[in-house]
There are 2 protein chains.
Amino acid sequence: MQAVCLRAIPEGMPQPSDFVLQTLPVPRPGTGQVLVRLHWLSLDPFLRAQLGGRYVAPCPPLGAVVPGYAVGTVVEDATGRFAAGQWVTGLLGWAQYAMADAGALQPVDATLAPPSTAVGVLGVPGLTAWAGVRHILEPKAGQTVVISTAAGAVGSIAGQLCKAAGARVVGLTSTTEKCTLLTETYGFDAAVNYRASDFAEALRAACPARIDGYFDNVGGAVLETVLGQLGLRARVVLCGLSDQYNRAERPPGPNLGPVIGARARLEGLVVYDHLDAFDTCRSELAGLIADGRLHYREHIHHGLENAAAGFIGLLRGENTGKALVAVAHD
Amino acid sequence: MQAVCLRAIPEGMPQPSDFVLQTLPVPRPGTGQVLVRLHWLSLDPFLRAQLGGRYVAPCPPLGAVVPGYAVGTVVEDATGRFAAGQWVTGLLGWAQYAMADAGALQPVDATLAPPSTAVGVLGVPGLTAWAGVRHILEPKAGQTVVISTAAGAVGSIAGQLCKAAGARVVGLTSTTEKCTLLTETYGFDAAVNYRASDFAEALRAACPARIDGYFDNVGGAVLETVLGQLGLRARVVLCGLSDQYNRAERPPGPNLGPVIGARARLEGLVVYDHLDAFDTCRSELAGLIADGRLHYREHIHHGLENAAAGFIGLLRGENTGKALVAVAHD
């Protein structure tokens, strides 16, 4: 059988020479295993991160079949779990045939949609879009939502789900043709080419009421531009960092890769939103102070003539506790 | 009276010469206004951001009294709302006396705690700590929480509130003396000097079970280091960016200033957390496809010999829709 194996770990953008087409023996299933004939192989951006050792799944060893999701039909299942000819999907790899543990395969309902959709709209890309929209973005009617890589497998579904929820949807993509696809086929309200030199201005024009939600698959400069135009209490799905998958060095500044890996939540706090809770807060803190359970320090500068020096010391981290100026009047 | 006025917009770290002590006439209250004698002037890091035009409140004009929270006593209130001698707080500025609209002053209960705390633990710094801990961090017993600028007005309160909630609290501060203050006076479980060259390792040693919550007042390299050690579903309060208040140029990488201003929420998504919802998601998407409300495209490459080229094209953004390889068998 034919299989594509990893010849070299890519540096920067992968090259065809990083991969090699080889002839390998068709694997023979062991106990509990299933032989699958592949029909559709999924190409996914996360593979680039995996080949750089930056993914939840480890980088495969050199010489191994390149990993990847695929859809195929069962040739032989000694466990009796799958009938011959049954459509299945799983992490089968870049080959004509693959072996898999029966428990690692999911049956595909070919009456629901064409089997290829099991690695697309009805597969992990569809689930990614759905989970990000349902659990993080939660778009409401009338809100403006921006979707990156909007003509891609995840973005196109995410945008249409937001549209179905009544949101105004603006897609970011890389060519004029794909912009047209977004508005004419997928029903997006607007599309912006993020590779254009006037991207920030074009985004602002497309989102005059600010941005309530953003589904980010790219990171980098595109994320930075959108963050600069977020509206009050906007929600951002940090889903991918395709902008840096091909870079040997991580870009400068806060790296959001570990934030994605940790499924962490970062939230901006502006204290003035909480003024209506001031009395509650004050009673609670005063009670803790009275009970000896909350301690505070004051760092006191004397006289207005020392206010500037006190302020500069505060910025240098030279104070300990609350910095104050005792104003003299004599 | 004495007042400190703004002589120049600071460049980088403020200099004493950016401020000037002047003698001004004591203001005379107009209709609805109150004359206040200042006792305590609050020095706050956000003033640096304000003087750089990067704050929710605008930068004051050159020559104006430097703005700032203060605590004082009422000298004269034509409105009758406040008695002479009543303690009040508000944005009064760097001066011995200030005028304020009666509605812009809050009374201070001097029986609760010393009046100076109205700009400290029982003022905006206390409310900031309380709101971040109660509404974003939500620490649980046994969790590990990290607090930046932990010996400061906000951090010291935030850490003690987390401690009262049963969390293990690790404080970040800038000197050995302040580390001792954190553990001995404030009851933190550990303290780490973020200016030490081994900061990342020391933080890891202090948080062996990973970090469940982080209260960030600094941004920059400290935030970057903590983000790299977040545990699953960690929560991060983005509250301040003192690391960049004195920089003329914004640091490279995603700028979190607008995220704070928008009170936005950024959340990492890993699709594998949502596999148990796969059936629900698939039924919903298949229904939308059947109804003609959800469209998808497949970008098909033919034969395993074209898989590598298809993958590279995907990384270049050359595909439209889901990238697939049709595996041939003849």
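None of the figures in this text is laboratory data; all of them are computed from the coordinates on show. Everything quoted here is computed from the prediction, not taken from an experiment. Reconstructed Cβ throughout: ideal geometry from the backbone, glycine too, with neighbour counts over all protein chains shown.
Summary table
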| quantity | calculated |
| --- | --- |
| Convex hull per residue volume in Å³, alpha carbons only, for the stretch A:124-268 | 111 Å³ |
| Alpha carbon Rg of the protein assembly as shown, scaled by the compact-globule rule 2.2 N^0.38 Å | 1.14 |
| Peptide B:62-69, shielding by other chains (average Cβ, 10 Å cutoff) | 1 |
| P(r) of the stretch A:78-161 over all Cα-Cα pairs, binned every 10 Å from zero, in whole percent | 15, 38, 26, 15, 5, 0 |
| FRET efficiency, residue A:81 to residue A:205 (Cβ-Cβ, R0 35 Å, nearest 0.05) | 0.05 |
| Pair residue B:140, residue A:196: separation of 7 Å Cα→Cβ label points (nm) | 4.7 nm |
| Residues A:163, A:140 arranged by fewest to most Cβ contacts within 10 Å | A:140, A:163 |
| Relative contact order (%) - criterion: Cα under 8 Å, at least six apart; region: the stretch A:2-113 | 30 percent |
| Amide H contacts of residue A:297 (H built 1.01 Å from N, under 5 Å, at least 5 apart or other chain) | A:322 |
| The stretch B:206-330: projected area of the alpha-carbon convex hull, averaged over directions, in nm² | 13.7 nm² |
| Neighbour-count order for B:157, A:312, fewest beta carbons within 10 angstrom listed first | A:312, B:157 |
| Loop sites in the stretch B:229-289: trypsin sites (Lys or Arg not before Pro), DSSP, at most 15 other Cβ within 10 Å | B:247 |
| Inter-copy spacing of residue A:184 label points, which lie 7 Å from Cα along Cα→Cβ, given in nm from shortest upward | 7.5 |
| Per-residue ³J(HN,Hα) for the stretch B:13-19, Karplus 6.51 cos²θ - 1.76 cosθ + 1.60, θ = phi - 60°, Hz, x for Gly and Pro | 5, x, 10, x, 6, 6, 10 |
| Euclidean distance of C-alpha centroids, the stretch A:42-99 and the stretch A:223-259, integer Å | 29 Å |
| Proportion of all alpha-carbon pairs of the stretch B:2-113 beyond 24 Å (%) | 28 percent |
| Relative contact order (%) - chain B, alpha-carbon pairs under 8 angstrom, separation at least six | 11 percent |
| Per-residue average of Cβ from other chains inside 10 Å of A:232-239 | 5 |
| DSSP bridge pairs, chain A: antiparallel proportion in percent, nearest 5 | 55 percent |
| Teacher prompt: residue A:251 distances to equivalent labels in other copies, 7 Å Cα→Cβ, nm | 1.6 |
| Ascending count of other beta-carbon atoms within 10 Å, so fewest first, for B:239, A:281 | A:281, B:239 |
| Surrounding net charge for residue B:6, when Lys and Arg each add one and Asp and Glu each subtract one, Cβ distance under 15 Å | 0 |
| For the stretch A:261-330 versus the stretch A:2-33, the gap between their alpha-carbon centres in whole angstrom | 60 Å |
| Inter-copy spacing of residue A:81 label points, which lie 7 Å from Cα along Cα→Cβ, given in nm from shortest upward | 7.2 |
| When the convex hull of its Cα atoms is projected in every direction, mean area for chain A (nm²) | 26.5 nm² |
| Modelled label reach - residue A:232, point 7 Å along Cα→Cβ, the stretch A:267-282 residues with backbone N closer than 19 Å | A:267-278 |
| Percent of beta bridges antiparallel (DSSP, the protein assembly as shown, rounded to nearest 5) | 55 percent |
| Exposed-site-free run, longest, chain B (rule: GluC sites (Glu not before Pro); DSSP loop; at most 13 other C-beta within 10 Å) | B:12-248 |
| Those lysines that a straight Cα-Cα span of less than 20 Å connects to residue A:178, excepting residues fewer than 8 apart in one chain | A:163, B:322 |
| Vicinal HN-Hα couplings computed from phi for the stretch B:232-239 (Karplus, 6.51 cos²θ - 1.76 cosθ + 1.60; Hz; Gly/Pro x) | 4, 6, 5, 10, 10, 8, 8, 10 |
| Among beta bridges that DSSP assigns inside the stretch B:62-209, antiparallel share in %, nearest 5 | 45 percent |
| Rg ratio (alpha-carbon, reference 2.2 N^0.38 Å) - the stretch B:273-326 | 1.45 |
| Computed [θ] at 222 nm, helices only, for chain A once each DSSP H run of length n ≥ 4 contributes -39500 (n - 2.57) | -6500 deg cm²/dmol |
| Phi to ³J(HN,Hα) by Karplus 6.51 cos²θ - 1.76 cosθ + 1.60 over the stretch A:64-75, Hz, x for Gly, Pro | 6, 4, 4, x, x, 6, 8, 10, x, 10, 6, 8 |
